[in-house]
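The values are calculated or read from the model by the stated rules, or taken from the named source; none is laboratory data. These numbers come from a predicted model, not from an experiment. Note: ideal-geometry Cβ built from the backbone for every residue, glycine included; neighbour counts use all protein chains shown. Keep in mind that these areas ignore ligands, DNA and RNA; they rest on the heavy atoms of the full protein, side chains included. Shrake-Rupley method; radii C 1.70, N 1.55, O 1.52, S 1.80 Å.
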Amino acid sequence: MIKRIIILMLVILGVSFLQAMVPAPGKCSGDDEYALGIKNLGEYMLIKDYRISLASGSANNPPMVSFPISLTAGLKYKFIPINHPDNKSKLVMKIFVNQKKEMPIASSYNSSSSKHYPSVEFECKTTGTFYLFFFFADGQKGCGVGLFTVSK
Amino acid sequence: MKQIIKHSIRLLSFTMIGMVISCNNGNPAENSLENQLAGPDTTSTEISQEEIFELIESFPTPLEMALAIKNGNNDFTSDILLSTDSIDRFISSYEKAMAMGAYGADMGYLNIYGKVFLVPDYLATIRLLSVDLDLDNFFDFEKMIEMAENSDNIDSLIQMSTESFNQMEAHLRDKGRDELSLLIVFGTWLEGAYVIADVAQKAQSKEMFNRVAQQKDFVTKLDKIFTSSHDDFFKTIAAKIQPLVDLYEQIEIEIIMKESTMEEINGQLVFIDNSETIIHASDDDINKIINSTIEIRNELLK
């Protein structure tokens, strides 16, 4: 009886340890993705990086996070989503004029062709505050990093 | 024997609790930034964390401000930047935070305009201020000075500076020190607005006058936060920027939002902004704003 309890304990501890090692969405540090993205900035300079981790949801209304960003007229920006290798769907970066998701101005996903792009450029002519949204297509869970960069 | 079983049950309970916590990490609401936004308001100035976070995130970086001026082929002289001598004029932690933001902005201009030989002095000044604010552990000053001395490493220096400031800002937010973050942002903005004002004063061009006018949104946001604070230092800043707020009220900025044009160029998705900004302001009003900006910056930072 005692042996069985001890074995059970060891099994539970083992499972718990293994679970801690798996990069669940909430535990994804994004360090590898960040390092990958930063190496390929080319003519762009980093403004900010966003570490994103989202649980699954419905395809029609996928879980999202958003952040206000400032864009300056006359500058060219690039938004680069970098996915964790375990992601089943791709991270999308989409910019709207306000937090209510009215009037998208740029997106790394073209819904008409269902095509994801490794980055999206935006040539800004209006100085102001915009909102950068992150979500995974089809409402899948996943994690990754978004880079907000500006052209030199 | 009973004790072994008791210990086993305790261990099992801890393991189960650990697993529950581990499972919760997958929830979207557990995103660290979301947590910070949802957290209690711990600032000493009674300004909501959400408002401060929004404000901080909605300000352009010094790099963008410098690039915008440089792309317009405007001349810039480093003589107008803050002196790195006698930084003991900044006494309180609030003044030091403001100064740190301003020197960070100056460093952005120096980097973008290729005046990197001056950067080590600015790094040394930022180092002194960051030590006093207990924020020096976010900067690898030795490495940054080394990069500044080697002109081949400018891109790496800019990236490292950006990363350091971003990490410092995230740390201040984690620790509920939003008032310091806010003052760093204010210092950054004020120094940047001053450089824009100085360049515009010399250029007297439509393009630079528009850049001056476009600071209206930032002045309005700062004024809203500073005037709502009960902190004496914040109230002093609110009083000092009030003349600028009044001047900006005389001008009107009309933004006509239009759908962007999407193009695929060599496999790269490009969106071109088609929105328009119409600025209703007389040259006289803009020149008054320029003078007021320079006066406030010199009073608070010089």
Which entries in the list A:141/B:143; B:202/B:302; B:70/B:288 go over 28 Å, if you measure between the two C-alpha atoms of each? A:141/B:143
Other chains' Cβ within 10 Å of A:71-78 residues: what's the mean? 6
Per residue of A:85-97, other chain Cβ atoms within 10 Å number on average 0
Mind checking which lysines have their Cα closer than 22 Å to the Cα of residue B:175? Skip sequence neighbours fewer than 8 apart in that chain. A:27, A:48, B:96
Label 7 Å along Cα→Cβ of residue B:232; the range B:92-109 residues with amide nitrogen under 20 Å? B:92-99
Nearest 100 Å², what total accessible surface is buried between chain B and chain A (probe 1.4 Å)? 5000 Å²
So, by mean Cβ neighbours within 10 angstrom, what's the order for B:95-101, B:199-205 with the highest one leading? B:95-101, B:199-205
